[in-house]
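Participant: One structure, pasted below without further comment.
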Amino acid sequence: MLEFEHFPKIDAHFHSTFYDPVYEQIANDYHLKYININTDASVFPPMEVQESVALSYIKKAPAHFAYIASFEMKGWQHPNWFKEVSNGLKRSIDQGAVGVKIWKNIGMEVLKSDDKSFLMIDDQFFDPLFLFLSENKIPVLTHLGEPRNCWLPLEEMTSERNKAYYTQNPEFHAYLHPEIPSYETQIAARDHLMVKYPELTLVGAHLGSLEWSYEELAKRFDQYSNFYVDLSSRLGHLQMQSVKDYDGVRNFFIKYADRIMYGTDAYNNPEKLISSLINDWQYFTTNKYGESAEVKGIFKGIDLPEDVLYQLYYANAKRIYPALN
Ligand SMILES: [Zn+2]
């Protein structure tokens, strides 16, 4: 029986936007390191605040904290935008950022001024940015698109958590906004990046928005050797699939053990962080039955081999984000 508290863990997708000493305590209690993700979302504080908070955690406890930098799309049509963004990112990397985050505002929010079409991530506008990232071997964490449920009416969504989120955030519910490019368009634009930049390390946050089908994820892993994912906020979708297809989901984790990173997506919420750590551990390390607000009914733990757990919880993040110390 593996010891939960002592097993080394990296939460590869974590958010804390103001300093709270409780996280260092949790890190000590659970042998945990966090990658704090800066994000260009309007509900987050300004980017420079997020970055300075992330750096203050690292200064205090470098063994337990790391961060991924980001940039703002604000002013993207200004001719100096890219120069300023790349200078900012260079500074962030020099300060220890282990990667760069890209958010779903690209593809779902930002409009081109000429024809009011949505600016997609594979638009040639971003070529200089991706060349810069690829040439400097800076990993990219992409939250592009949304769960497939986002394009469905509430009553057809497969996840209680998604239903609640889009009920509370109708502005992000693509079904209500037919002008937003389709789910398939979002996924295709992201996949196109891996063809355009085969040297780029690309991590799809939230199971790369392919949470609804481990088989679709497996196809991408087979096709793109530079594609990785984190589990944050989407493990419930795989638990759902494991109710009907236990061996399929378990074998997926084993076969692609070097591609998947653990992450909680806890956002200024230490209670959620701890409950995710405990419940997810039970799912991965035992064959006990568990429950989650997201999944109808009960599901059985997939009891993964220890070497797979070690990759999922620790070694992959170290390899995929080489600047992580
Ligand atoms: Zn997140």
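The values are calculated or read from the model by the stated rules, or taken from the named source; none is laboratory data. Quantities reported herein were computed from a predicted structural model and do not represent experimental measurements. All Cβ positions, even for glycine, are placed from backbone atoms using ideal geometry, and neighbour counts span all protein chains on display. Keep in mind that these areas ignore ligands, DNA and RNA; they rest on the heavy atoms of the full protein, side chains included. Shrake-Rupley method; radii C 1.70, N 1.55, O 1.52, S 1.80 Å.
Participant: I'd like to check something: does the stretch 129-140 contain any residue that is hydroxyl-bearing (Ser, Thr, Tyr) and buried (at least 22 other Cβ atoms within 10 Å of the Cβ)? Before you say what the answer is, go through the steps one by one.
Facilitator: Our first condition is that a residue be hydroxyl-bearing (Ser, Thr, Tyr); within the stretch 129-140, this holds for 134.
If we keep only those that are buried (at least 22 other Cβ atoms within 10 Å of the Cβ) too, we end up with none.
No - not one qualifying residue is present in the stretch 129-140.
Participant: Quick check on the stretch 231-241. Is at least one of its residues farther than 24 Å from Gly297 by Cα and aliphatic (A, V, I, L, M)? If you could, list the steps in order and put the result at the bottom.
Facilitator: In the first step, residues of the stretch 231-241 are kept if they are farther than 24 Å from Gly297 by Cα; the result is none.
No, because not a single residue in the stretch 231-241 is farther than 24 Å from Gly297 by Cα and aliphatic (A, V, I, L, M).
Participant: Quick check on my filter: what residues within the stretch 108-118 are touching a residue at least 24 places away in the same chain (Cβ under 8 Å) and either in a loop (DSSP other than H, G, I, E, B) or more than 16 Å from the ligand (Cβ to nearest atom) (or both)? Let's see the steps before the verdict.
Facilitator: Filtering the stretch 108-118 down to residues touching a residue at least 24 places away in the same chain (Cβ under 8 Å) leaves 108, 110, 113, 118.
Result: Val110, Ser113, Phe118.
Participant: State whether one or more residues within the stretch 147-165 are at positive phi and in contact (Cβ under 8 Å) with a residue 60 or more places away in the chain. I'd like the intermediate steps shown before the answer.
Facilitator: To start, the set of residues in the stretch 147-165 that are at positive phi comprises none.
For the stretch 147-165, residues at positive phi and in contact (Cβ under 8 Å) with a residue 60 or more places away in the chain: absent.
Participant: Another question, if that's okay. What tally of residues in the stretch 165-180 results from selecting those that are among the aliphatic types (A, V, I, L, M) and in a helix (DSSP H, G or I)?
Facilitator: Residues of the stretch 165-180 that are among the aliphatic types (A, V, I, L, M), as a first pass: 174, 176, 180.
Narrowing further to those that are in a helix (DSSP H, G or I): 174, 176.
Looking only at that region, the number is 2.
Participant: Filter the stretch 190-211 down to residues that are touching a strand residue (DSSP E or B) at 6+ places or on another chain (Cβ under 8 Å) and not hydrophobic (A, V, I, L, M, F, W, C) and give me whichever is farthest from the ligand (Cβ to nearest atom).
Facilitator: So the first thing to find is which residues in the stretch 190-211 are touching a strand residue (DSSP E or B) at 6+ places or on another chain (Cβ under 8 Å), and the list is 190, 193-194, 200-208, 210.
Filter once more, keeping what is not hydrophobic (A, V, I, L, M, F, W, C): 190, 201, 204, 206, 208.
Values: Arg190: 16, Thr201: 18, Gly204: 12, His206: 7, Gly208: 13 Å.
So the residue we want is Thr201.
Participant: Given the criteria within 24 Å of Ser16 (Cα to Cα) and not in a helix (DSSP H, G or I), does Gly96 qualify? Steps first, please.
Facilitator: On the way: within 24 Å of Ser16 (Cα to Cα): yes; not in a helix (DSSP H, G or I): yes.
It is true that Gly96 is within 24 Å of Ser16 (Cα to Cα) and not in a helix (DSSP H, G or I).
Participant: A further question follows. Can you pull out every residue in the stretch 250-285 that is of a type in the set (Gly, Ala, Ser) and closer than 22 Å to Tyr23 by Cβ? Walk me through it before giving the result.
Facilitator: Filtering the stretch 250-285 down to residues of a type in the set (Gly, Ala, Ser) leaves 257, 263, 266, 275-276.
Selection gives Gly263, Ala266, Ser275, Ser276.
Participant: Is one or more of the residues making up the stretch 303-319 over 27 Å from Gly99 (Cβ atoms), at pLDDT 95 or above and touching a Ser or Thr at 6+ places or on another chain (Cβ under 7 Å)?
Facilitator: yes
Participant: Looking only at strands (runs of 3 or more DSSP E) that fall completely inside the stretch 212-325, which ones have 3 or more residues that are of a type in the set (Phe, Trp, Tyr), open to solvent by less than 20 Å² (accessible area, probe 1.4 Å) and within 16 Å of the ligand (Cβ to nearest atom)?
Facilitator: none
Participant: Mind listing just one residue for me: the one in the stretch 128-162 that is modelled with pLDDT of 95 or more and charged (D, E, K, R) and, of those, farthest from the chain's Cα centre (by Cα)?
Facilitator: Just the residues of the stretch 128-162 that are modelled with pLDDT of 95 or more, to begin with: 128-157.
Pick out the ones that are also charged (D, E, K, R) and you get 135, 137, 146, 148, 155-156.
Numbers: Glu135: 23, Lys137: 19, Glu146: 11, Arg148: 15, Glu155: 26, Glu156: 24 Å.
Once the filter is applied, the top-ranked residue is Glu155.
Participant: Answer yes or no as to whether Phe18 is closer than 19 Å to Gly263 by Cβ and not in a helix (DSSP H, G or I). Don't jump to the end; show me each part of the working.
Facilitator: Details: closer than 19 Å to Gly263 by Cβ: no; not in a helix (DSSP H, G or I): yes.
Answer is no for this residue.
Participant: Follow-up question, since we're still on this one. Would you pick out the residues in the stretch 10-42 that are open to solvent by 30 Å² or more (accessible area, probe 1.4 Å) and within 11 Å of the ligand (Cβ to nearest atom)?
Facilitator: Selection gives nothing.
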